[in-house]
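Right, one structure below, let's go through it.
The values are calculated or read from the model by the stated rules, or taken from the named source; none is laboratory data. Model, not experiment: these values are computed from the prediction. Here the Cβ positions follow ideal geometry from the backbone for every residue, glycine too, while neighbour counts run over all protein chains shown.
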Amino acid sequence: MSNTSQAPRLKPFDMASARRSVFQAVIDARREFGGWTVALVDGDDRALTYDDIIRASFALGSALKAGTRAGDCVGVMLPTGAAGTLAFLALSAMGRIPTMLNFTSGVAGLKSALRTAQVKRIVTARRLIEVAGLEDLIAGLSGTEIVYLEDVRKNLSLTDKLTAVAGKMAPALLAARPDPKKTAVILFTSGTEGEPKGVALSHENILANVAQVLAHVRVYPGDVMFNPLPIFHCFGLTGGTILPLIAGIKVVSHPSPLQPKEIVRRVEQFRATILLTTDTFINQYARASDGDELSSLRMAVCGAERLRDETRAFIRRKSGITLLEGYGVTETSPVVAVNQIETNRPGTVGQLMPGMEARLEPVEGIPGAGRLFLRGPNIMLGYIKPDAPGKIVPPEGGWHDTGDVVSIDEDRFIAIRGRLKRFAKIGGETVSLAVVENIAAALWPENSHAAVAVPDGRKGEQIVLVTDARDADRMELLAWAQNHGVSELAVPRRVICTASIPLLATGKTDYVSVAKTVMEA
């Protein structure tokens with residue numbers, strides 16, 4: 001475990017550190033922590049120092065910039081690790097805009113993203129295509145230039161190599177100097193409920209969020225972060241890639257969160273102290289551990305989905321890890337709130353990041369809570385919508401409408417009640433679909449559950465529960481609700497048992513696919 005007797009790096013929130021480019025922030029970190037310091041460990045255990053990262057970024061950036069102009073969007077379709085990190089930084093160093101592509105979204109999803117961000121070139125790797133079986137995906141992207149990193153490395157020119165040497169010696173002189181308020185990256189919303197939108201984040205957005213987190217969560221010089229989350233997801237990019245590089249925390253990356261046995265082994269091997277994860281994944285990792293493989297972890301930060309009480313209890317019994325639930329959305333770069341070890345309040349996602357404002361708008365039928373709007377330095381530049389490619393539409397008045405219904409207590413702790421789209425209207429009454437899933441989780445904690453609302457001619461809507469609990473019975477749900485004082489409206493009209501609940505690569509439930517399953521049934 002890290003030496004917590006050392007002074008933690010907890011700095012008051014200051015926007016001054018955000019007024020630079022992301023690549024300049026990495027250059028500054030190299031100066032602060034030393035070029036010889038190991039900053040990143042790849043999935044194959046290869047260690048990269050800050051010097052290695054700066055040198056490789058300039059060599060790769062010099063090669064990749066050919067045929068593009070400053071400000072062009074270039075697709076990055078790579079897993080978490082050295083390749084993804086270096087491609088991101090290489091493009092950023094040359095003033096191009098990395099556009100992070102979800103290679104699990106299928107041909108239609110990728111084509112939509114390419115059109116939305118006006119991307120004509122994708123940087124990827126042959127190894128990814130082979131290992132993930134993406135040959136058909138690549139074949140379906142005809143008309144888009146595909147650049148393979150293996151080919152780029154093999155064909156580096158003398159100019160590229162000289163740029164790498166010069167870049168290591170005087171990086172600030174060679175790197176592009178974009179306006180910190182301009183676009184640094186384009187990501188896409190998760191698409192849990194429809195077609196993904198592009199989200200344009202500025203350098204200032206990302207670095208402000210890094211500064212907010214480091215002013216809120218204590219990290220130590222000896223901490224080692226383990227990040228298995230995809231780099232095309234904002235949690236994996238900002239929290240698991242950019243933040244540790246800037247904060248001087250060694251990050252051990254892993255190409256997929258779906259390899260629990262291997263992840264548990266590597267957490268133990270590198271004595272990781274911080275794990276970025278989700279409720280779904282931390283359950284898998286704990287079940288994959290046979291002994292004290294996870295004992296080095298002093299905290300696991302859980303986002304992307306609700307952290308269930310059943311998960312807290314299971315992890316406490318199995319591994320004794322402190323779970324910190326947080327909340328974020330792509331549009332906020334992404335961290336909005338997170339619990340702290342010193343003030344960890346289960347059932348909430350912690351307190352708002354410094355420098356942010358929140359307001360609640362009343363929602364009919366949901367007392368004591370409201371629709372959450374957010375404003376602050378980490379709020380996106382705006383959406384890029386599929387029907388208006390390349391056009392950034394800023395949030396009105398700087399306020400982002402999260403679409404989430406939350407309550408905020410007297411101590412400013414935020415509790416998520418659900419997404420506005422995740423409520424059903426039954427006979428004029430508002431019912432949270434999250435409550436339906438909570439009932440199922442209380443009865444069958446070992447299984448996964450997803451509730452959706454479908455049209456009902458008599459009552460407006462009806463609730464259907466999809467579960468991988470083979471023996472799930474509606475009458476058990478009804479009995480639990482009656483015994484615990486929960487309205488019977490929260491008992492689904494129908495239960496559909498399935499082999500598995502479809503998930504997105506981020507670990508979130510894929511409600512679009514769940515709804516299709518329900519309609520087909």
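In table form, for the structure just shown:
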read-out	value
Residue within segment 439-446 that is in a strand (DSSP E or B), touching a residue at least 40 places away in the same chain (Cβ under 8 Å) and outside the structural domain of residue 314 (by TED's automatic domain parsing) present	no
Criterion violated by residue 311 - all others in (1) within 30 Å of residue 52 (Cα to Cα); (2) polar (S, T, N, Q); (3) not in a loop (DSSP other than H, G, I, E, B) satisfied	(1)
Enumeration of residues in segment 277-290 that are in a loop (DSSP other than H, G, I, E, B) and either within 24 Å of residue 110 (Cα to Cα) or in contact (Cβ under 8 Å) with a residue 40 or more places away in the chain (or both)	278
Which listed residue is outside any helix (DSSP H, G or I), within 30 Å of residue 393 (Cβ to Cβ), of a type in the set (A, V, I, L, M, F, W, C) and touching a helix residue (DSSP H, G or I) at 6+ places or on another chain (Cβ under 6 Å), from 119, 123	123
Residue that is surrounded by the fewest Cβ atoms within 10 Å (Cβ to Cβ) [pool: residues in segment 203-242 that are among the polar types (S, T, N, Q) and closer than 11 Å to residue 332 by Cα]	238
Conditions (1) buried (at least 20 other Cβ atoms within 10 Å of the Cβ); (2) modelled with pLDDT under 85; (3) farther than 28 Å from residue 285 by Cα; number of the one not met by residue 507	(3)
Subset of segment 323-342 (residues that are aliphatic (A, V, I, L, M), farther than 12 Å from residue 353 by Cβ and part of a strand (DSSP E or B))	323, 324
Out of 226, 270, 232, sole residue that is farther than 27 Å from residue 11 by Cα and touching a strand residue (DSSP E or B) at 6+ places or on another chain (Cβ under 8 Å)	232
Long-range neighbours under 7 Å by Cβ, at least six apart or interchain, first residue outside the structural domain of residue 442 (by TED's automatic domain parsing) and farther than 12 Å from residue 279 by Cβ within segment 308-327, second small (Gly, Ala, Ser) and in a helix (DSSP H, G or I)	318/286; 319/286
Count - residues of segment 94-131 that are surrounded by 15 or more Cβ atoms within 10 Å (Cβ to Cβ), hydrophobic (A, V, I, L, M, F, W, C) and either touching a Phe, Trp or Tyr at 6+ places or on another chain (Cβ under 7 Å) or without any contact (Cβ under 8 Å) to a residue 60 or more places away in the chain (or both)	11
Residue match in segment 324-335 (condition: more than 22 Å from residue 230 (Cα to Cα) and surrounded by 20 or more Cβ atoms within 10 Å (Cβ to Cβ))	no
Residues satisfying the stated conditions in segment 354-369, i.e. surrounded by fewer than 19 Cβ atoms within 10 Å (Cβ to Cβ) and part of a strand (DSSP E or B)	357, 359, 360, 361, 362
Residues of segment 371-389 that turn out to be over 21 Å from the mean Cα position of the chain (by Cα) and either buried (at least 17 other Cβ atoms within 10 Å of the Cβ) or at positive phi (or both), as a count	1
Hits in segment 60-76 (condition: over 16 Å from residue 167 (Cβ atoms), at pLDDT below 95 and either surrounded by 24 or more Cβ atoms within 10 Å (Cβ to Cβ) or among the β-branched types (Val, Ile, Thr) (or both))	68
Selection within segment 245-260 - of a type outside the set (Gly, Ala, Ser) and in contact with a Phe, Trp or Tyr (Cβ under 9 Å, 6 or more places away or on another chain)	245, 249, 250, 251, 252, 254, 257, 258, 260
Some residue of segment 310-317 being more than 20 Å from the chain's Cα centre (by Cα), surrounded by 15 or more Cβ atoms within 10 Å (Cβ to Cβ) and of a type in the set (Asp, Glu)	yes
Condition check for residue 450: closer than 27 Å to residue 313 by Cβ, modelled with pLDDT of 75 or more, outside any helix (DSSP H, G or I) and in contact with a helix residue (DSSP H, G or I) (Cβ under 7 Å, 6 or more places away or on another chain)	yes
Failed item, numbered, when residue 341 is tested on (1) over 28 Å from residue 37 (Cα atoms); (2) surrounded by fewer than 24 Cβ atoms within 10 Å (Cβ to Cβ)	(1)
Condition met for residue 293 (part of a helix (DSSP H, G or I) and either surrounded by fewer than 23 Cβ atoms within 10 Å (Cβ to Cβ) or among the charged types (D, E, K, R) (or both))	no
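Here is a yes/no grid of residues against (1) of a type in the set (Ser, Thr, Tyr); (2) farther than 25 Å from residue 43 by Cα:
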position: 124; (1), (2): yes, no
position: 127; (1), (2): no, no
position: 130; (1), (2): no, no
position: 149; (1), (2): no, no
position: 152; (1), (2): no, no
position: 155; (1), (2): no, no
position: 158; (1), (2): no, yes
position: 162; (1), (2): no, yes
